[in-house]
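Data block below; observations after.
The values are calculated or read from the model by the stated rules, or taken from the named source; none is laboratory data. This one's a predicted model, so the numbers in the text were calculated from it and none came from an experiment. A quick note on method: Cβ atoms are made from the backbone with ideal geometry, for glycine too, and the neighbour counts reach across all protein chains shown.
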Amino acid sequence: MDLFRVSIFGFPVWRKEMVSAEWLKRAELFESLSESQLDALLSKSIVESFPERKTIFHQGEEASRLYILIEGAVDLTIKTGEKIDFMTSKIEKEGAVFGMPSLVEPFRYNVTATCLRPSKALIMEADHIKKKMEEDPKMGMEVMKKLASIYFNRLNEMRTGVLNLIKIFKFKTL
């Protein structure tokens, strides 16, 4: 759990910030899991705050953590050339997951995640998640089905964006 500083009567006090199984159940990746399964996953997770413009991870880095947005907004971009970044997604919904390559081979982030405004995320160690999925194959199947669905939906969103961009360029060149 992450410690954060609050002020009580002008004196700094450090408190642990926690996320409940009930909150995690509302997250897009884990909504079909039981409370005991969620508690097992939360046992090795932390909450971390990030300032605006903070890069959380870079495309190509080893993917060892899964992130679930608590608040804020995160820009996911793909570097397509030396100087060109292509935005693929903007994550701003509470409970949205990013860093999913941490659960899928070759375990490398396929995007760069940068905060668009101050943000807070639940961080889960991928090795712990994978271990729990191996110990509980039913849970593993549920997580992987939902993971595939999220990937498919984001791919379709990206395709729609590319098609709209092509339409704009076609219209301008006529």
Within the stretch 147-156, can one find any residue that is surrounded by 12 or more Cβ atoms within 10 Å (Cβ to Cβ) and under 19 Å from Ser45 (Cβ atoms)? yes
Given the criterion without any contact (Cβ under 8 Å) to a residue 60 or more places away in the chain and either touching a helix residue (DSSP H, G or I) at 6+ places or on another chain (Cβ under 9 Å) or closer than 21 Å to Trp23 by Cβ (or both), identify the matching residue among Leu122, Leu69, Leu147. Leu69
Among the residues of the stretch 105-115, is there at least one that is of a type in the set (Phe, Trp, Tyr) and at pLDDT below 90? no
Of the conditions (1) over 22 Å from Phe107 (Cα atoms); (2) surrounded by fewer than 19 Cβ atoms within 10 Å (Cβ to Cβ), Leu33 satisfies every one except a single condition; which number is it? (2)
So which of Met124, Met139, Met133 is buried (at least 16 other Cβ atoms within 10 Å of the Cβ), closer than 20 Å to His58 by Cβ and either in contact with a Lys or Arg (Cβ under 9 Å, 6 or more places away or on another chain) or of a type outside the set (Asp, Glu) (or both)? Met124
Please report, ordered by residue number, the strands (runs of 3 or more DSSP E) entirely within the stretch 13-82 with at least 3 residues that are under 23 Å from Met158 (Cα atoms), modelled with pLDDT of 95 or more and not polar (S, T, N, Q). 65-79
Does Ser89 qualify as being surrounded by 15 or more Cβ atoms within 10 Å (Cβ to Cβ), in contact (Cβ under 8 Å) with a residue 40 or more places away in the chain and either of a type in the set (S, T, N, Q) or over 28 Å from Glu48 (Cα atoms) (or both)? yes
Could you say whether any residue in the stretch 132-146 is assigned to a loop (DSSP other than H, G, I, E, B) and of a type in the set (A, V, I, L, M, F, W, C)? no
Complete set of residues in the stretch 26-74 that are on the phi > 0 side of the Ramachandran plot and of a type outside the set (Gly, Ala, Ser): Arg53
